[in-house]
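S.K.: Here you go, one structure.
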Amino acid sequence: MAARHFLMALPLLALMIAMPIGAHADWKGFLQDLKQSLSGKGTASSPDSAAIGEKEIAAGLREALLVAAKRATERLGKANGFLDHPQLRIPMPESLGKVEKLLRTLKQDQLADEFIATMNHAAERAVSDGLDIFTTAIRDMSWQDATAILKGPNDAATSYFQTRTRAPLTERMLPIVKTATETAGVTRTYKRVIDKADFVTRYMKPEEVDLDGYVTQRALDGLFHELALEEQRIRENPVARTSELLRKVFGQ
C-alpha cells in the first residue's frame, strides 16, 4: 500500500523539485497537492486512501513542527544563546535601569554584567529543558488542529504552541531559573534584600520583586519569538522543509 502511494506521488514530487520556491508559497498549497496525490483524486484508488492521506499529512506536519521546536530550543539553550542574542538578550527590569546606571557610574560594571549574565544563563538552562513539553503538544495534535494550522494565519502554529505549552513550560522552567539565580552572588543578594524589605517592595513593580518570574516570562517570550521565525521560514520556503515532511509521509 505504501509503495503504491509513493509511486502515485512521484509525478507530483518530480514537478515540485523542478518548480521554483515561489511556486509553492505556503504549507497549505504544498500539503493540499500532496493530499490529492495520496488520496488518489484523479486516479484509481481504494476507498480508504483519503483517510490514510489525512493521517500521513498530520504526521508530516507534526514532524515539521518538532524540527522547528527542536531548533528553537537548541538555538536559545546553547551557551550564551540569550546573552549574545541582539534581540532576545534579557536586560535588567526596566525600572532597575537607574541601579544599573549607578553601578556603571561607580565603576562597578562587573556587578551589572554579572546580574545580566546570570539572568540570561538562567533562561538558557530553562529553555533547553522544555523540548519534551513541545513534543507532548505535537503528539496530542489532532487532525482538526493540523487543519487549523494549515489554513490559519502565518503564526497559527506559534499560537497553537502558546495556548498548549506556555503554562506547562512556565511550571517547568521557573524552578530552573530560581536555582540558577540562587547560585550567583549578585542576584542571590538582590533577592534576599527584596525578601526582607517589605516596606520597599510595596512601591516596586512585580517584575522587580519576582525576578525569577520576570526571567521566566522573558525566556518564554524569546522562545516563542524563535518558533515564530521557524514557522515563517516553513511557510515561505516549504521546499526547504520537504525532506522532513516526505520522510514522515512516505516512511523514508
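S.K.: Give, in nm to one decimal, the length gained when the segment between R172 and D221 is fully stretched (0.36 nm per residue of separation minus the Cα-Cα distance).
M.R.: 16.1 nm
S.K.: What FRET efficiency do you get for E236 and D113 if R0 is 45 Å and r is their Cβ-Cβ distance, rounded to the nearest 0.05?
M.R.: Numbers: r = 38 Å, r/R0 = 0.84.
Calculated value: 0.75.
S.K.: Related question: How far apart, in nanometres, would the label points at R104 and T135 be if each is projected 7 angstrom from Cα along the Cα-to-Cβ direction?
M.R.: If labels sit at R104 and T135, their model points lie 4.2 nm apart.
S.K.: Of K78/K101; K70/K178; K70/K191; K78/K151; K55/K78, which ones are farther than 26 Å apart at the Cα? Don't skip to the end; give the middle numbers.
M.R.: Details: K78/K101 29 Å; K70/K178 24 Å; K70/K191 32 Å; K78/K151 33 Å; K55/K78 34 Å.
The pairs that break the limit, which is 26 Å between Cα atoms, are K78/K101; K70/K191; K78/K151; K55/K78.
S.K.: Suppose the chain between R188 and W143 were pulled fully straight at 0.36 nm per residue; how much longer would it get relative to their current alpha carbon spacing?
M.R.: Values: separation 45, 0.36 × 45 = 16.20 nm, distance 4.69 nm.
Stretched fully, the R188-W143 segment lengthens by 11.5 nm.
Coordinate-derived values only; no laboratory data. Quick caveat: nothing in here was measured; it's all calculated off a predicted structure. Reconstructed Cβ throughout: ideal geometry from the backbone, glycine too, with neighbour counts over all protein chains shown.
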